[in-house]
1. Looking for whichever is of a type in the set (A, V, I, L, M), under 21 Å from F154 (Cα atoms) and at pLDDT 80 or above here; the options are V254, V246, V220. Which one fits?
2. Taking the residues in the range 300-331 that are among the acidic types (D, E) and at pLDDT 90 or above as candidates, determine which candidate is farthest from G416 (Cα to Cα).
3. Is it the case that the range 336-347 has a residue that's free of Cβ contacts under 8 Å to residues at least 24 places away in the same chain, farther than 25 Å from E253 by Cβ and either crowded, with 18+ Cβ neighbours inside 10 Å or touching a helix residue (DSSP H, G or I) at 6+ places or on another chain (Cβ under 9 Å) (or both)?
4. Here are N71, N133: which of them is of a type outside the set (G, A, S), surrounded by 19 or more Cβ atoms within 10 Å (Cβ to Cβ) and in contact (Cβ under 8 Å) with a residue 12 or more places away in the chain?
5. Search the range 296-317 for residues being open to solvent by 20 Å² or more (accessible area, probe 1.4 Å) and of a type in the set (D, E, K, R), and hand back the single one that is farthest from R342 (Cα to Cα).
6. Out of curiosity, is E128 open to solvent by 70 Å² or more (accessible area, probe 1.4 Å), in contact with an Asp or Glu (Cβ under 8 Å, 6 or more places away or on another chain) and either part of a helix (DSSP H, G or I) or acidic (D, E) (or both)?
7. Out of curiosity, is E115 touching an Asp or Glu at 6+ places or on another chain (Cβ under 7 Å), in a loop (DSSP other than H, G, I, E, B) and within 24 Å of W61 (Cα to Cα)?
8. Determine, yes or no, whether G18 is surrounded by 15 or more Cβ atoms within 10 Å (Cβ to Cβ) and either hydroxyl-bearing (S, T, Y) or modelled with pLDDT under 90 (or both).
Amino acid sequence: MSDLIIKVENLSKRYRIGVKDETHDNLTGKIISWIISPFTNFRRVQKLSKFNNDDAQDIIWAMKNISFEVNNGEILGIIGKNGAGKSTLLKILSRIVEPTSGQATVYGRVASLLEIGTGFHGELSGRENIYLNGTILGMTKSEINKNFDDIVEFSEVGKFIDTPVKRYSSGMYVRLAFAVAAHLNPEVLIIDEVLAVGDAAFQKKCLGKMSETARSGRTVLFVSHNMHTIQNLCSRTILLEDGKIVLDGKTNEVVGHYLRQDTDKLIEGENNLKKWHGSRKSFGNLRLTAVRTLDKNGEICTIFNIYDPITIEVDIKNITDNGFVLSFMIHDPQANMVYHIRSQDSNIVTQHLNSKTTVRMTIPELKLVENTYSIDIWLGNYFDLLEDHVENAMTFNIINQGHSVAHLKSIIHETGQWEIV
């Protein structure tokens, strides 16, 4: 028990939501509604504090019977779709809202960054808010003074430190808020998706600080939709769905399960594969009509393990005897192109085909690190003039299961051939 810092037992939270009133399409019904409206409004006020029927139409459970434990020094990732209960859980652990039932015990001081402006007073300056937040965390003025210069330096808002924070941009707000939360020595640091507001360099800086925080023996709870960040930062992850814990375990296994759920739904509705996700430019008659990614067994798949083969398959129509040229561009989430593969660099023959055909291109061994990647498709005629171009035609995910590849900073992982001479 000495290593235990968070204990959650059968935690539940319910809310009452609005329900549309029954409308009347005749004069008699409207008159009756107007007459009884005072009584209807009185009943609504009474219901605000009463939950007689937990299965009522206007009751929603944001969380239901969640239990887990976190040890000191852990970096715990929490993932799930929007509305899964992630933010509600963090707000309860941060003592912002009270649970409906169950309990959450935190053995130590908690600093949280849940949304832009949490814990800040807009009329106060950055300097004053640092002291305000430190006081809320239970720190003395001398402790805040000791960390003040580090906070300002990390946040990079020193020039504006005496400006009211209501005049800060969202990025400046997040910089200062994270710097305060991370440097005032909390035992537990709780971070929601708010870091996505910052620029790439600051996000990298924050991730490094969270790793440093964990190495110093403190605990981090981190919510994000960026699976690459979750995999790099967290050794353990919890997957929430409809307010319940679906999976709790090693990050790679949990993330893989989460990504496979989306893949299964996509395969169930194959028509979705023909809907482009990005922008399109078409100038000629040749047309791309569908795109799919296939695994080594030729099955439709959008999640691949590092070093797996991947096949990109497209359908093309209105082909002439002159043939065509085809290119695939694969980008990471930061829009860096990591692959550019062209049909004209191969020995494929595209002349004298039927007016409709399917083309497959296989990469024998994907060396991309864990992340989500998008595919752009460029289709030209035999004279290399653009006919059809679809940006972000589809996405696929790379996970790492069963390989000792960790904490890679590159996009592509190459083992190389090593020798001592």
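1. Result: V220 is the single residue among V254, V246, V220 that is of a type in the set (A, V, I, L, M), under 21 Å from F154 (Cα atoms) and at pLDDT 80 or above.
2. First pass over the range 300-331, keeping only residues among the acidic types (D, E): 308, 313, 315, 321.
From what's left, at pLDDT 90 or above: 308, 313, 315.
Details: D308: 17, E313: 29, D315: 36 Å.
Across the range 300-331, the extreme among qualifying residues is D315.
3. Step one: of the range 336-347, the residues free of Cβ contacts under 8 Å to residues at least 24 places away in the same chain are 337, 340-343, 345-347.
Those still in the list that are farther than 25 Å from E253 by Cβ too: 337, 340-343, 345-347.
Applying the additional criterion that residues be either crowded, with 18+ Cβ neighbours inside 10 Å or touching a helix residue (DSSP H, G or I) at 6+ places or on another chain (Cβ under 9 Å) (or both) yields 343.
Looking for residues that are free of Cβ contacts under 8 Å to residues at least 24 places away in the same chain, farther than 25 Å from E253 by Cβ and either crowded, with 18+ Cβ neighbours inside 10 Å or touching a helix residue (DSSP H, G or I) at 6+ places or on another chain (Cβ under 9 Å) (or both), one finds at least one in the range 336-347, hence yes.
4. N133
5. The selected residue is E299.
6. Judged against the criteria, E128 is not a match.
7. Yes, satisfied.
8. For G18, the condition - surrounded by 15 or more Cβ atoms within 10 Å (Cβ to Cβ) and either hydroxyl-bearing (S, T, Y) or modelled with pLDDT under 90 (or both) - is not met.
The values are calculated or read from the model by the stated rules, or taken from the named source; none is laboratory data. All values derive from a computational prediction rather than experimental measurement. Cβ atoms come from the backbone with ideal geometry, glycine included; neighbour counts cover every protein chain shown. Side chains included, ligands, DNA and RNA excluded: accessible areas come from the protein's heavy atoms. Shrake-Rupley method; radii C 1.70, N 1.55, O 1.52, S 1.80 Å.
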